Each structure stands twice: as structure tokens, then as C-alpha cells.
């Protein structure tokens, strides 16, 4: 009888709790959401974050099926606009190629991981049950680059929203128009499918100051920054949980055992992709002397311009690298012919890459150029190749690759480079999920978080891992406790 009374009391309490939750959930759903300028665009940081916070409060109580509906709305909605986004991004930023951007946008839209990564972890034993679930942070402040504006909006939004978060997106001023268009369209698609507004918000006029204000706002629970070292540093010193994508200068090592034809194909295809603006792109080749010349000639035969005059090489470096040691933005992501014309260097045909044979201390080797310039450095043996690659990578621990048929060389290089991404016998763009020319296309990753350790980000990156314990029971193997 006592057990029946206890059971009845438990039922009563649960019914009251569920009724209360249902009432508050319904009230939250019917609460009017702020519009700002409409479709997720606001004139100031406070209003944008307030709208995102209100949207997330509703969204976090929805089932996973609702999140899947949001993601599907994004995929279905943006699918017909991929070519438009690619062309508009190329036109506004002046960087890269529309063809490469189409591949990147397809990757971001269709290969970004979603809700499927959030399966709980359950452990049972004689002492009961432990369960881990992945839950939202709340409102995430995201900062995007001008090199991948729409791709980052799509990739970040799908992952972060799959995790149950709302997003305040800080657009790069150099890509503000196409980024705003993407934010507005995403809101349009999600609202049409779910009736929910402002899961992704942004500002009418983005600026460095507005990004700084967003980073310090108390209602932003987490930051995700895909950009240069300065903005990553701001995020890491904000006092918030931060995912930061730092600098890189990826070396591509080639040893004497490599398939030279395959290496030349991979290096040319990957290095020219979107005019080298990917942070994962091969920025320099470090090759054994015994195969260096053959490799160089085969890459040139595919469509690279080889610059041999030392004066031209120096002029090229002086012209494309600023006084601050960073690549001149005037040439970032520009076509190889534009750079060659500006330098007054003659060429034939329509080269896609600019190459030169230099030593490891050349500034074109040690600078992350973000343009279609690919120097090659020769070394006497593999140990020297690896040592040089470690040196020129600059301790960024971002990305490196190797072309080799020696498994010990591959293993040693992967261990010693200690990078977030390491690729063997393939183009580095494959590691970010871009599939081209038959290459494997895995999960899309536009934010490579090396300084903060997450590496290629996924849905789980933007969640809190929470633990639930039930010390008594919930083990099907036995009953006695």
C-alpha cells in the first residue's frame, strides 16, 4: 500500500511538471519574435543577440526531429542557389574562381555533419548507469572570413543549429553583401519550414567594432572564429569558450619513392584550387633533390609558370608580401596571370600557378601566401625534407602532406609534423571534405581549430557534454543492487 501511495505521488508530481513545461513551451512558441530589418538582419549587436537568445530558448526545447527539419530546409533551400553564390562571391571579393567555389559550396551544404553525430553514450555496470548527452551552449558568436563567406555560413550554421544553438554571425566587411544575402535566405528557408525566426542573425553594417562587442556580450556563450590571427586572438582572450582557426603554411613533402605523376597531379590540382585561398592548401613543396626537377617539370607541364630569374623572384616577393610580413591583400586569391602581369613577368598560355625553385629561407616559402604561388625547395634526403617542412610550417600545426610509397616515412612525418590535418598521397583539399576528380569526400570542415585543439570541427564541437548518473538499477544483465 505504501508503494502504491508513493507511485501515485510520483505520478502527480510528474503530471504537474509536464503540464507546467507544456504551458511554458507553448507560451514560448507563440511569443512574438523581434524582426529588426527582417530575415535575421539587425542594426545593432544588442538587438541581434536578444533575438537570437529568444529564438534559441524556443529551439532548445524542440525534439531532434525539429532540428533535422531545420537542416533539411537549409539544404533544400540553398541547393538551387549554389552557382549564384559562387559567382556573387567571386564578384564581390575578387578572390578565387567560381568553379572552385561551386565545389566548396556543395561540400559545405551537403557534407556538413548534423544531428546524426549526437547519439548519446551509455555505460552500465553493477553500479548502475551513466549516460552522456550532447546539449547546446546557447547563443554562439561566429566570425567568418572573406575567403569562404557563404561556405562558412552554411557549414557553421548546419553544425551549430544541429547542436541546438542559435548563431550571431559576424560577417567580414569584404564579403558583407553576399554574407547578408546568405543570412537572409537561411532565415527565409527556416521560417517557411518551421515558423521559427532568428536562429541565425547578423548586422546590417558589419565592422571590427561590432565583432568585438559581440565577443564581449554576456549573452554569447561561445565563440567560433574562422579568420586571421588577430581576430582569433581576440576570441581567445574574451574569457569565453572559443574555437579558433589559426594560421597555417602547409608544406607538401615529396620523397624519392613517390609516384611522381600522381604527386604532380595532386599538387597542381590542389594548389591551384580557388587560387590558393584555402588555409589547408599546399603553400610550398619540399622535395628530395633526386626527384625535384622531374616533379617540377611535370607540374609546369600541367599549367604552371616557372619563374627562373632571381631578380624576378625577388621582385615577386617584394610585390606580394607587405612590410608587415603578410601577403598583400591586393593579390590574395587573384589569378596567376594577374600577379604575373603586375610583376611584369612574361608567360605563355594561361598559367594557373606560379612556381620557382628557391631555398627554404625565401620569404615566399615562409609566408602563407594565399595566392597561386607555389615555391619548391630541394633537400638531399628525406630526413632533411622533414626537418625543412617542420621549420617552414612555422609551428602552426595546421596542415601538412606527404607523397611517398614508404610507409615508415609517412608514419614518421605524420608524427613529427603534429598537425591538425595530415594527408598522404592526396590533395589537401580532400581533408576538408571537398571531393574533386574522384577524390574521397568526407565530412565538410571549414573551421580548422588548431590553437584550441578541436581540429576539424563537427556538430559535437558546439555542444556541452553532460553526464547523467543512475546509481541504482538500469542494468539489464542483473537485478540485485
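Taking the listed residues 373, 291, 345, 313, the one that is within 29 Å of residue 456 (Cβ to Cβ) and outside the structural domain of residue 152 (by TED's automatic domain parsing) is 373, with no other qualifying. Considering 237, 280, 226, the condition of being outside the structural domain of residue 414 (by TED's automatic domain parsing) and touching a helix residue (DSSP H, G or I) at 6+ places or on another chain (Cβ under 8 Å) is satisfied by 226 alone. Note on segment 442-469: residues that are farther than 20 Å from residue 145 by Cβ and at pLDDT 90 or above amount to 9. Elements of the type strands (runs of 3 or more DSSP E) sitting completely within segment 75-170 and holding at least 2 residues that are under 24 Å from residue 190 (Cα atoms) and touching a residue at least 12 places away in the same chain (Cβ under 8 Å): these cover 128-136, 139-143, 166-170. Is it true that residue 175 is within 20 Å of residue 279 (Cβ to Cβ) and not in a helix (DSSP H, G or I)? Answer is no for this residue.
Comparison of 186, 203 shows that the only residue that is under 18 Å from residue 215 (Cα atoms) and buried (at least 24 other Cβ atoms within 10 Å of the Cβ) is 203. When residue 419 is tested against (1) crowded, with 23+ Cβ neighbours inside 10 Å; (2) at pLDDT below 95, only condition (2) is not met. Of the strands (runs of 3 or more DSSP E) contained entirely in segment 371-424, those carrying at least 2 residues that are closer than 21 Å to residue 449 by Cβ fall at 399-403, 421-424. Can residue 300 be described as over 30 Å from residue 175 (Cβ atoms), modelled with pLDDT of 95 or more and surrounded by fewer than 20 Cβ atoms within 10 Å (Cβ to Cβ)? So residue 300 passes the test. Going by the conditions given, is residue 361 within 27 Å of residue 175 (Cα to Cα), over 29 Å from the mean Cα position of the chain (by Cα) and exposed (fewer than 14 other Cβ atoms within 10 Å of the Cβ)? Here the answer is no, as residue 361 does not meet what is asked. Test each condition in (1) in contact with a helix residue (DSSP H, G or I) (Cβ under 6 Å, 6 or more places away or on another chain); (2) within 20 Å of residue 382 (Cβ to Cβ) for residue 266 and report the one that comes out false. Tallying (1) in contact with a helix residue (DSSP H, G or I) (Cβ under 6 Å, 6 or more places away or on another chain); (2) within 20 Å of residue 382 (Cβ to Cβ), residue 266 fails exactly one: (1).
Every condition in (1) more than 23 Å from residue 424 (Cβ to Cβ); (2) outside any loop (DSSP other than H, G, I, E, B); (3) out of contact with any helix residue (DSSP H, G or I) (no Cβ under 6 Å at 6 or more places or on another chain) holds for residue 319 except the one numbered (3).
Residues in segment 257-297 that are surrounded by fewer than 23 Cβ atoms within 10 Å (Cβ to Cβ) and in a strand (DSSP E or B): 288 alone. Checking 43, 31 one by one, the residue that is surrounded by 10 or more Cβ atoms within 10 Å (Cβ to Cβ), touching a helix residue (DSSP H, G or I) at 6+ places or on another chain (Cβ under 9 Å) and either on the phi < 0 side of the Ramachandran plot or at pLDDT 95 or above (or both) is 31 and no other. For segment 229-251, the set of residues classified as over 20 Å from residue 461 (Cα atoms) and either buried (at least 16 other Cβ atoms within 10 Å of the Cβ) or without any contact (Cβ under 8 Å) to a residue 12 or more places away in the chain (or both) consists of 230, 248, 249, 250, 251, listed by residue number.
Sub-6 Å Cβ pairs linking a first residue in segment 387-398 that is at pLDDT 95 or above to a second residue that is part of a helix (DSSP H, G or I), at least 6 apart or interchain, are 392/365; 392/366, ordered by first then second residue.
The set of residues from segment 364-374 being surrounded by fewer than 20 Cβ atoms within 10 Å (Cβ to Cβ) and under 17 Å from residue 309 (Cα atoms) is empty.
In the set 225, 254, only one residue is crowded, with 18+ Cβ neighbours inside 10 Å and over 23 Å from the mean Cα position of the chain (by Cα); that residue is 254. For segment 58-74, a residue qualifies if it is more than 23 Å from the chain's Cα centre (by Cα), part of a helix (DSSP H, G or I), touching a residue at least 12 places away in the same chain (Cβ under 8 Å) and loosely packed, with under 15 Cβ neighbours inside 10 Å, and exactly one does: 64.
The values are calculated or read from the model by the stated rules, or taken from the named source; none is laboratory data. The structure presented is a predicted model; accordingly, all values stated were derived computationally and were not measured. Note that each Cβ is placed from the backbone with ideal geometry, even for glycine, and that neighbours are counted across all protein chains shown.
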